[in-house]
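Trainee: Here it is: the structure, laid out below.
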Amino acid sequence: MTRQRKRILALTGGVGGAKLCLGLTHCLDADALTFVVNTGDDFEHLGLHICPDLDTLLYTLSDQADPDRGWGRREESWACLETLASLGGESWFRLGDRDLATHLLRTDALARGHSLTEITATLATRLGIEQRILPMSDDPVRTRIATPDGELAFQHYFVRERCAPTVTGFRFEGASAARASPAVLEALADPALAGVLICPSNPFVSIDPILALPALRAALDASPAPVVAVSPIIAGAAIKGPTAKMMEELGVPRTSSAVAAHYGTLLDGFLIDEQDASLAEEIRASGVATEVAPTLMVSLDDRIALARRALDFLDALDHRAAS
């Protein structure tokens, strides 16, 4: 399989984004690919520092992800969680025995003074991952979900309450003061950067926390590299997660064109599914180049095919800008 030798930076959240990231690893040399991962979902639970989106990507790229649940590690066991529940402990957040080892190592490393970037690189290396996986920041940023009954921490909304509360808004606690990862800023300033790809993750709670970091957003705006997003919405529905539900509750049309409008001037290009082809001209009329392709990723071949389409799109935009 021919690999392209261009530098690409991908912004990603959890399961949906990780699928496309896996496809990208089959299309690019490892040293040409950098992943920037949302840490707004991170939280402290039972004394452990848990990074759901980072771990989803780590497990996906190392072929450790559970293929049925879509999260956590394959061949998992639950003895610790079951014992915890029997002792009256909080068991709403499902920590598997194998997954628990990751959180223990991370929490211990952070306590010893290592940064989240450093321990993520260590975990990636030990899992056999060659690509760079970068947390968006080493400083804490916490996504808060506004509901009619008050704010909820993201994991309380997403896992404990199973996305049931009505969403009225979002707040990214700590984002304005958080320092963007120096490695991310360096990657964005790289003259060899050929493009930025926004994966089909939830734009409100997976990508917006990344964009809420002032220095990172400024670096994105200043970069001459084209930015392409892949829509997480197909025919009015989200394949994974509460994106469509959130859009409806916020009074936002559940369409790919609404996602493009949400990203606004950040985008040079937008990739939508074949089922939404009728929206392409509307999006193009807003000044965003738009392409149509199959975006539903069921198999590994689907993920690789979509990654190639996105990379070709970025390449075309890059050449257009240079001409």
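The values are calculated or read from the model by the stated rules, or taken from the named source; none is laboratory data. Just so we're clear, the structure is a prediction, and the values are computed from it rather than from any experiment. Quick reminder, even Gly has a Cβ in these numbers, built from the backbone with ideal geometry, and neighbours come from all protein chains shown. Just so you know, the surface numbers come from the protein's heavy atoms only, side chains and all, with ligands and any DNA or RNA stripped out. Shrake-Rupley method; radii C 1.70, N 1.55, O 1.52, S 1.80 Å.
Trainee: Filter the range 184-196 down to the residues that are over 23 Å from GLY23 (Cβ atoms) and assigned to a helix (DSSP H, G or I), then identify the one that is least open to solvent (accessible area, probe 1.4 Å).
Mentor: LEU185
Trainee: Right, another one. If you take the residues of the range 81-96 that are free of Cβ contacts under 8 Å to residues at least 40 places away in the same chain and surrounded by 15 or more Cβ atoms within 10 Å (Cβ to Cβ), which of them is farthest from the chain's Cα centre (by Cα)?
Mentor: In this case the residue turns out to be LEU84.
Trainee: Taking PHE154, is it closer than 19 Å to LEU20 by Cα and among the aromatic types (Phe, Trp, Tyr)?
Mentor: no
Trainee: Sticking with this structure for a sec: Condition (residue is within 21 Å of ALA225 (Cβ to Cβ) and free of Cβ contacts under 8 Å to residues at least 40 places away in the same chain) applied to the range 270-283: is it met by at least one residue?
Mentor: For the range 270-283, residues within 21 Å of ALA225 (Cβ to Cβ) and free of Cβ contacts under 8 Å to residues at least 40 places away in the same chain: present.
Trainee: For the range 9-58, how many residues meet the condition of being out of contact with any helix residue (DSSP H, G or I) (no Cβ under 6 Å at 6 or more places or on another chain), in a loop (DSSP other than H, G, I, E, B) and either open to solvent by 10 Å² or more (accessible area, probe 1.4 Å) or at pLDDT below 95 (or both)?
Mentor: 3
Each row is one residue, and each column tells you yes or no for (1) under 27 Å from ILE145 (Cβ atoms); (2) free of Cβ contacts under 8 Å to residues at least 40 places away in the same chain.
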{"site": "THR12", "(1), (2)": "yes, no"}
{"site": "ASP41", "(1), (2)": "yes, no"}
{"site": "ALA65", "(1), (2)": "yes, no"}
{"site": "GLY72", "(1), (2)": "yes, yes"}
{"site": "ALA79", "(1), (2)": "no, yes"}
{"site": "THR107", "(1), (2)": "yes, no"}
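Trainee: Moving on to the next point. Which count do you get for residues in the range 26-53 that are of a type outside the set (D, E, K, R) and within 14 Å of THR143 (Cβ to Cβ)?
Mentor: 8
Trainee: When you check THR34 against the structure, is it under 12 Å from ILE133 (Cα atoms), in contact with a Lys or Arg (Cβ under 9 Å, 6 or more places away or on another chain) and polar (S, T, N, Q), yes or no?
Mentor: Yes; evaluated as a whole, the condition is true for this residue.
Trainee: How many residues are outside any loop (DSSP other than H, G, I, E, B) and open to solvent by 80 Å² or more (accessible area, probe 1.4 Å) when one looks only at the range 281-320?
Mentor: 9
Trainee: May I ask you to say which residue of SER206, SER223, SER231 is under 13 Å from THR12 (Cβ atoms), touching a strand residue (DSSP E or B) at 6+ places or on another chain (Cβ under 9 Å) and hydroxyl-bearing (Ser, Thr, Tyr)?
Mentor: SER206
Trainee: All but one of (1) under 21 Å from LEU216 (Cα atoms); (2) more than 12 Å from the chain's Cα centre (by Cα) hold for ASP66, so report the exception by its number.
Mentor: Unmet condition: (1).
Trainee: On to the next question. Please work out if LEU100 is modelled with pLDDT of 95 or more and crowded, with 16+ Cβ neighbours inside 10 Å.
Mentor: yes
Trainee: Need pairs with beta-carbon distance below 9 Å; first residue open to solvent by less than 20 Å² (accessible area, probe 1.4 Å) and within the range 122-133, second assigned to a loop (DSSP other than H, G, I, E, B); sequence gap 6+ or separate chains.
Mentor: Close Cβ pairs (under 9 Å, with a partner that is assigned to a loop (DSSP other than H, G, I, E, B)) amount to LEU123/ILE129; ALA124/SER62; ALA124/GLU130; ALA124/GLN131; ILE129/SER62.
Trainee: Report yes if some residue within the range 152-165 is hydroxyl-bearing (Ser, Thr, Tyr) and farther than 29 Å from LYS6 by Cα; otherwise report no.
Mentor: yes
Trainee: If ALA124 meets every condition in (1) aliphatic (A, V, I, L, M); (2) within 18 Å of the chain's Cα centre (by Cα); (3) more than 29 Å from ALA30 (Cβ to Cβ) apart from one, which number is that one?
Mentor: Here ALA124 clears every test but (3).
Trainee: Looking only at the range 139-173, count how many residues are in contact with a strand residue (DSSP E or B) (Cβ under 8 Å, 6 or more places away or on another chain), surrounded by fewer than 16 Cβ atoms within 10 Å (Cβ to Cβ), assigned to a loop (DSSP other than H, G, I, E, B) and without any contact (Cβ under 8 Å) to a residue 40 or more places away in the chain.
Mentor: Qualifying residue count, the range 139-173: 1.
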